[in-house]
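Working notes, structure below.
The values are calculated or read from the model by the stated rules, or taken from the named source; none is laboratory data. Model, not experiment: these values are computed from the prediction. Glycine also receives a Cβ, built like all others from the backbone with ideal geometry; neighbour counts cover every protein chain displayed. The area values use the complete protein model at the heavy-atom level, side chains included, leaving out ligands, DNA and RNA. Shrake-Rupley method; radii C 1.70, N 1.55, O 1.52, S 1.80 Å.
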Amino acid sequence: MKRVELGKTGIMVSRLGIGTGTGLPSGHCAQALMDKDELARLLLYALDRGINLWDTAFQYNTYPHIKEALKQVSRKDVVLTTKFSAANEMEIIRDFNITLKDLNTDYVDICLLHGVRTDTELQVRSDAFNAMVKLKKEGKIRAVGLSSHGLSVLKSVLEMPEIDLVWARVNYAGLNMDTGCLGMYDQMASIYWLKKCVKLLPARVKSLIRPKANTQPIPEDAHKEVTDTLQSIHSQSKGIVGMKVLAEGELRNDVEKAVKYVNSLPFVDSFIIGMLNKKEIDENCKIVNTASREQMETEKQVS
Ligand SMILES: NC(=O)c1ccc[n+]([C@@H]2O[C@H](COP(=O)([O-])OP(=O)(O)OC[C@H]3O[C@@H](n4cnc5c(N)ncnc54)[C@H](OP(=O)(O)O)[C@@H]3O)[C@@H](O)[C@H]2O)c1
């Protein structure tokens with residue numbers, strides 16, 4: 001599997017990464033429900049195929065599984081990303097220390113503010129971001145950024161030199177991408193105290209009010225605005241990692257087209273897919289490896 005540098009972080013990752021936060025219709029995380037050893041084996045299987053970018057978050061409940069997998073590899077062979085919903089310094093420090101302990105590691109490669117929906121929300125959570133920057137200076141984190149759930153956030157990233165990288169939702173169908181026009185759920189979730197209230201709801205209720213991927217194709221001009229913004233971010237030497245490549249499985253009947261599309265975007269360094277079994281890992285690796293080979297051959301012919 002081809003390796004690429006994430007922006008100018010010096011962090012080398014595989015073109016394809018593995019996600020551990022795939023939502024089920026019940027509102028639970030599919031990987032968190034897997035047996036600890038089963039997900040650990042799947043992560044190791046992915047690593048064997050060259051996938052060194054493992055994605056998690058404080059709220060996915062997959063730290064026990066990842067800890068199990070990390071026991072069986074050299075720590076430096078894995079690029080571990082986690083995300084925090086924290087809004088202030090105290091919460092980040094608390095959740096970061098729990099993360100180190102729960103994963104039994106002394107550093108995290110990449111830390112992100114989780115699911116930021118608006119530029120206002122980013123401002124409200126700026127203390128949390130600054131705390132991550134401090135942890136980076138202390139050598140406990142290698143790169144910092146955010147995972148985006150809205151266009152205004154992506155635009156704000158252009159004004160923030162401290163951001164090393166961005167996780168952004170992108171797929172050919174425009175499903176559940178980072179639109180500038182947020183629905184009721186996302187508007188509510190961008191307000192810190194309301195988000196905390198929503199978190200207290202049972203998983204089943206949360207999944208009922210959460211917008212489904214297949215209900216939100218964004219218009220073509222909005223799709224272009226997102227990709228143009230990502231292009232601008234990338235031209236500032238920030239890393240871009242694509243997510244929701246298969247729109248939470250909605251594009252599962254068109255996997256090749258979906259993976260090839262994101263793989264072809266010049267501003268996407270790497271992308272993560274929630275892969276729940278070996279067959280999905282094999283299939284997605286094959287698509288990415290074939291596309292990389294074809295691209296190299298074309299480049300050779302051109303030169
Ligand atoms: N930062 C954030 O705010 C945020 C939010 C959500 C998720 N994430 C991260 O992004 C990752 C990716 O998102 P996601 O998992 O929700 O969506 P996704 O990657 O777009 O889709 C995952 C689904 O695609 C299906 N799939 C994968 N490979 C396949 C293949 N070869 N053939 C057929 N189906 C295939 C699987 O479905 P079935 O096996 O069920 O068919 C899986 O459930 C998550 O796991 C998580 O790590 C980040």
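Would it be correct to say that G274 is more than 8 Å from the ligand (Cβ to nearest atom) and modelled with pLDDT of 95 or more?
It is false that G274 is more than 8 Å from the ligand (Cβ to nearest atom) and modelled with pLDDT of 95 or more.
Being closer than 26 Å to N176 by Cα, open to solvent by 80 Å² or more (accessible area, probe 1.4 Å) and not charged (D, E, K, R) is the filter here, so list the residues in the stretch 258-303 that pass it.
Residue satisfying the conditions is P266 alone.
Return the residues of the stretch 91-150 that are open to solvent by 20 Å² or more (accessible area, probe 1.4 Å), touching a residue at least 60 places away in the same chain (Cβ under 8 Å) and not in a helix (DSSP H, G or I); say none if nothing qualifies.
R117, T118, R142
Give the stretch 49-76 a look and list any residue that's outside any loop (DSSP other than H, G, I, E, B) and within 14 Å of the chain's Cα centre (by Cα), or say none.
Scanning the stretch 49-76 gives L53, W54, D55.
Could you go through the stretch 236-249 and let me know if any residue there is away from the ligand (no atom under 15 Å from the Cβ) and crowded, with 16+ Cβ neighbours inside 10 Å.
yes
It is to be established whether one or more residues within the stretch 209-223 are more than 28 Å from L158 (Cβ to Cβ), open to solvent by less than 30 Å² (accessible area, probe 1.4 Å) and more than 13 Å from the ligand (Cβ to nearest atom).
No, every residue in the stretch 209-223 fails to be more than 28 Å from L158 (Cβ to Cβ), open to solvent by less than 30 Å² (accessible area, probe 1.4 Å) and more than 13 Å from the ligand (Cβ to nearest atom).
From the list I287, I272, exactly one residue is outside any helix (DSSP H, G or I) and in contact with an Asp or Glu (Cβ under 6 Å, 6 or more places away or on another chain). Which is it?
Within the list I287, I272, the selection yields I272.
Can you pull out the residues in the stretch 25-46 that are of a type in the set (A, V, I, L, M) and part of a loop (DSSP other than H, G, I, E, B)?
If the condition is that a residue be of a type in the set (A, V, I, L, M) and part of a loop (DSSP other than H, G, I, E, B), then A30, A32, L33, M34 are the ones that fit.
Taking the stretch 3-24 as the region of interest, how many residues are within 12 Å of the ligand (Cβ to nearest atom) and either at pLDDT 95 or above or in a loop (DSSP other than H, G, I, E, B) (or both)?
8
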